[in-house]
């Protein structure tokens, strides 16, 4: 009988150790000495993953580092690997209790948790990346990454030799579909005959599956691989096959030095600086922010020197047009995959239409 | 589908099935001795992390394989201690170890996230056999681990069914009281099988982090450990059927993407759930037509206590 008690003890100890490892979340405090700064401000961050993913969370963490660089006196408290759901609410509450003036949550699924905690702590400001719901002290923010995807499509469309490109995509949701359409339209703008084959992985994150999906596209004859995934594996697959590829989130050049043409990238830093400055100045107000390439929240990574200069110039010109707001990606005529007209000549899709996009443009091979 | 596409599909099938087969063979050995180990996912993750970290630091992927064996064996030895010596609940211990393994591997691998892997297993180019049209690319252009996996799985069948040791292991799993009565050390056999099984799960994990997608990412095995557990039941505890089953599962994984690229209009969600439907179907069929000789080892999941004989 004693042995059984001992077993129970061991199991309890093991479970506890799991909780310590699993829930520790590595709260790290990178602080400037706060005493000497009058405007010392505590900023909380809740990450869905770890900065080491070289993808989504890495981009946000770069933004955080930029912020600390630009505004002295910012003290960051970071919680990594916080799952969406009940655990998230606890994490946001913890940061609010630790005295953060403003808390950033970087995943769509934090919405309900942030709304609940924002109600409880009216003096704390909450910022929800990719979110939908706002409140007096809860803003949402996101970027028009589709603009950068259009530009990356132009590069890819100019470099494909057999006019067949592949796109490794996570989930059939408007955000991803919008990106695929923008990429395809960009490619067609320089190469009308191009088609884009789409493979869904149904995961944001599975290195093995993403690579396998990219390989299947390469076997099907695609000679450029683009991705809406959080790891660099599709790039690696293209590099190994000696084909071109377009990254996402960050400049993924180093993972495919030969094949990588460019990457649509996130640049959260300036936006974070503006937001914190607004908090310091007392001008912060709740909003739904969807910034474009003109505000530099999204951008295109440096274009590979394998791309002819004429193409790079064309891309630069389009980027200028986007920056000056003379033109946007979803400007008609736009035909859907099934042949219906989605935008007449000169008609521009509204934000609402873009945010609920559930159809492919003509030239995309795949089903939603 | 043309012939090149078919051979590429079959080659991808073998690669996708290999990590599952490593883990399933190990689990099969443990279950044959009467120990149910639900910690396969955790052991695979620890194996993947140990293998990757060791390879990056030593520059030798075979040392990485050794580290993966040690890592998987280490987690399995905790399971052995809890379930054999302490006679704890095997299900609880296994589940705890899955969570523990994913936490431990994430913790250790933290600084290696996204690190490049300069030392990779290269596909062997087997002379003559590799030049056979169609069959060459399908079977003879793989890395050494693929062949090692098939050899281990086949050897496992030989061990279990053709040797005295195999008879010992099976008897311990079927009826430990009787085995004990003829002088077999039940605890020792179960320790050996559980730890060896864990080492193979570690190998499966290392195959993912060193060969399949050479990188370290948290939770990168993404549920393959659970498929391995299901596969053991699918195979009715027989290693040769496990080989077939592993490649069937691998084939479904490889086919999922290729059907999409061929433009066959099936919902990607349906394709993604297909392997799991197959698993459930097999579980149902196995339960319906369970026979004495083909079923689970009689003493599977039961702790053995000499004094309660």
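Every number in this text was worked out from the coordinates using simple rules, so none of it is lab data. Not measured: the values here are computed from a predicted model. When we count neighbours, we look across all protein chains shown, and the Cβ atoms used for this are built from the backbone with ideal geometry, even at glycine.
Brief remarks follow.
- DSSP-defined beta bridges in chain A - what % are antiparallel, rounded to 5: 20 percent
- Residue among B:199, B:164, B:156 with the largest mean-square fluctuation in a Gaussian network model of chain B, springs linking Cα atoms under 10 Å: B:164
- For the stretch A:105-176 versus the stretch B:92-128, the spacing of their alpha-carbon centroids is 30 Å.
- Ellipsoid semi-axes in whole angstrom, largest first, where each is sqrt(5λ) of the Cα gyration tensor of the stretch B:124-192: 40, 10, 8
- Cβ-Cβ FRET estimate between residue B:62 and residue A:97, R0 fixed at 41 Å, reported to 0.05: 0.25
- Annotation: average projected area of the stretch B:67-151 is 8.6 square nanometres, based on the convex hull of Cα atoms across all directions.
- The length gained on full extension between residue B:281 and residue B:147, counted as 0.36 nm times the residue separation minus their Cα-Cα distance, comes to 45.3 nm.
- Gyration tensor (alpha-carbon) shape descriptor, the stretch A:146-210, a/c threshold 1.5: prolate
- Global geometry of the protein assembly as shown, whether rounded, prolate or oblate, following the gyration tensor of its Cα atoms and the 1.5 cut on a/c: oblate
- Each of residue A:161 and residue B:5 was given a label point 7 Å from its Cα along the Cα-to-Cβ line. The distance between the two points is 2.1 nm.
- Across A:68, A:161, A:239, mean-square fluctuation computed from a Gaussian network of chain A (C-alpha pairs under 10 Å connected) peaks at A:161.
- C-alpha center-to-center spacing [the stretch B:146-222, the stretch A:304-368] in angstrom: 55 Å
- Exposure proxy ranking, count of Cβ atoms within 10 Å, fewest first, for B:224, B:190: B:190, B:224
- When the Gaussian network model of chain A links Cα atoms closer than 10 Å, the mean-square fluctuations of A:138, A:355, A:261 top out at A:355.
- Extended-chain gain in nm, criterion 0.36 nm per residue less alpha-carbon gap, residue B:244 and residue B:129: 39.2 nm
- Shape category assigned to the stretch A:47-102 from the gyration tensor of Cα positions, a/c cut at 1.5: oblate
- For the stretch A:122-147, backbone nitrogen atoms closer than 17 Å to the point 7 Å from residue A:112 Cα along Cα-to-C-beta are found at A:131-134.
- Across peptide B:208-220, the mean count of Cβ atoms from other chains lying within 10 Å of each residue's own Cβ comes to 5.
- Were the residues from residue A:87 through residue A:351 laid out at 0.36 nm apart, the gain over their Cα-Cα distance would be 91.8 nm.
- Antiparallel content of DSSP bridges confined to the protein assembly as shown, in %, to 5: 20 percent
- Helical content of chain A, expressed as a calculated mean residue ellipticity at 222 nm, amounts to -12500 deg cm²/dmol (DSSP H runs of 4 or more residues, -39,500 (n - 2.57) each, divided by residue number, nearest 500).
- Exposure proxy shown here: for A:265, B:20, the number of other Cβ atoms within 10 Å sets the order, fewest to most, as A:265, B:20.
- Tail fraction, Cα-Cα pairs, chain B, threshold 32 Å, whole percent: 27 percent
- When restricted to Cα atoms, the stretch B:1-121 yields an Rg and a Dmax of 16.8, 57 Å, respectively.
- Put in order of Cβ neighbour count within 10 Å, fewest first, the listed residues A:159, B:262 become B:262, A:159.
- Helix A:269-281 vs. chain A, principal-axis angle (Cα, 0 to 90°, nearest 10): 50 degrees
- Using a Förster distance of 22 Å, the FRET efficiency for residue B:185-residue B:155 (Cβ separation, nearest 0.05): 0.45
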